[in-house]
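The values are calculated or read from the model by the stated rules, or taken from the named source; none is laboratory data. Since this is a predicted model, take the numbers as computed values, not measurements. Positions of Cβ are backbone-derived with ideal geometry, glycine not excepted, and every protein chain shown enters the neighbour counts.
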């Protein structure tokens, strides 16, 4: 595809002689929401850490907009597994962190994020510290910090794994709505199959270590979606098939 | 609190009833009365001790911050300097204090240097440990934002070190007053240390103990001050507690 913004070709990575990523090839098109699901410990997060260049691949190429990642001017907005909010910064300053690092003054960065608090369900909590927020609010604050950076692409590393089931569903529904509005290019790492089906245009399924892509799914559900759509036959079929692939990879 | 009262009462009774001489073991009441009668001298001798404590502490703080930043940015500096600083902590103060007074005279400078010597190390270790305590997710997040090494230090490592820093601060502030008194003991014109030495030589254990009480109160005040500063410097900590 020509509109691929991100492409990974035959990426492999080992830690201390243990092969974590076997041979990963995948692509993300502009404005597309792509998920990677896989069993835990399969090296899902390693893929993201290669993209943020916290790690280097042993072999293979990472392409951004057709050019090697280290040469191409690119910027990713990364959301780590835990919210990684700074306990010493007020919520508004946590949300504005990315802008501040980009060199925008604290005052201007605050002014830029403040109007979004309402939409992120954080109105009135601008001047609170993260320890005063509930888990769901913390995740929304971390998401706000991620999307405000207006980068080329969002990288989400199991962002809702630590939340209780109800809060997780709420925030997934909310994120789906936000995504439909903004059409961010996004790569989501998750082990939650329903989450992947609900949010994604496309899903890659990883094998256990050493991770390879064993299947790729297109999610044909229309946008905007609601949680009720997960009950549709199409969604059910995909969810079941992904679970089958994950649980019994040799039979597929 | 109750135990302290019981101890003081027992001491008072023993001193009154056993017929022991006040020049050997003065009763608490005598210490209080004599301390009050000599309050002007005591207070006059407290100021130089407080000055030496705060001066030495300020020097120690500045030096610990500078050294910790240097060591955080250049691991080889850490390997080179840390053994020297550890060795500095093995020096017996009894031997060093008179020498420092010999080299730098009876003024404020040798006291400041000795206070800095005893308070520097806990601060340095606390800061280094504090930088290391930085949440890996936060550091990686900043790296993904392409923040510079210095930026990461200022935005994440330095604030992460604050709880450790204040723990170190509380430890070293209790050493500081003792260090200053010890330095004065080795030779000074004024100060609680020299006051204690003179009172002892004049067979006035009541005044020695009165001066000890003053130094304890001084340490407690400084300790309370660090708690207050900690509150002000880390408002997010108390706000979290309130919620929980």
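Number of residues in the stretch B:67-97 that are surrounded by 15 or more Cβ atoms within 10 Å (Cβ to Cβ) and closer than 23 Å to residue B:193 by Cα: the value is 3.
The sole residue among B:182, B:203 that is farther than 28 Å from residue B:105 by Cβ, at pLDDT below 90 and more than 14 Å from chain A (Cβ to nearest Cβ) is B:203. Residue B:22 meets the conditions (1) assigned to a loop (DSSP other than H, G, I, E, B); (2) loosely packed, with under 15 Cβ neighbours inside 10 Å in every case but one. The failed one is (2). Inside the stretch A:123-136, residues that are modelled with pLDDT under 90 and either in contact with a helix residue (DSSP H, G or I) (Cβ under 7 Å, 6 or more places away or on another chain) or surrounded by 14 or more Cβ atoms within 10 Å (Cβ to Cβ) (or both) make up a count of 2. Scanning the stretch A:158-168 for residues that are crowded, with 22+ Cβ neighbours inside 10 Å and either away from every other protein chain (no Cβ under 13 Å) or in a helix (DSSP H, G or I) (or both) returns a single hit, A:160.
Right, residue A:155: within 13 Å of chain B (Cβ to nearest Cβ) and in contact with a strand residue (DSSP E or B) (Cβ under 7 Å, 6 or more places away or on another chain) or not?
Yes; evaluated as a whole, the condition is true for this residue.
For the criterion of being away from chain B (no Cβ under 12 Å), within 22 Å of residue A:192 (Cα to Cα) and touching a helix residue (DSSP H, G or I) at 6+ places or on another chain (Cβ under 9 Å), residue A:35 passes. The set of residues from the stretch B:135-174 being crowded, with 20+ Cβ neighbours inside 10 Å and not in a helix (DSSP H, G or I) comprises B:145, B:147.
Hand me the list of helices (runs of 4 or more DSSP H) wholly inside the stretch A:47-141 holding 2 or more residues that are facing chain B (nearest Cβ under 10 Å) and within 24 Å of residue A:181 (Cβ to Cβ). Working first, answer last.
Numbers: elements: A:91-95, A:97-101, A:106-113.
Helices (runs of 4 or more DSSP H) meeting the threshold: A:97-101.
When B:126, B:95 are screened for being over 30 Å from residue A:104 (Cα atoms), part of a helix (DSSP H, G or I) and at pLDDT below 90, only B:95 passes.
Do we find that residue A:171 is surrounded by fewer than 23 Cβ atoms within 10 Å (Cβ to Cβ), more than 14 Å from chain B (Cβ to nearest Cβ) and part of a strand (DSSP E or B) in this structure? So residue A:171 fails the test.
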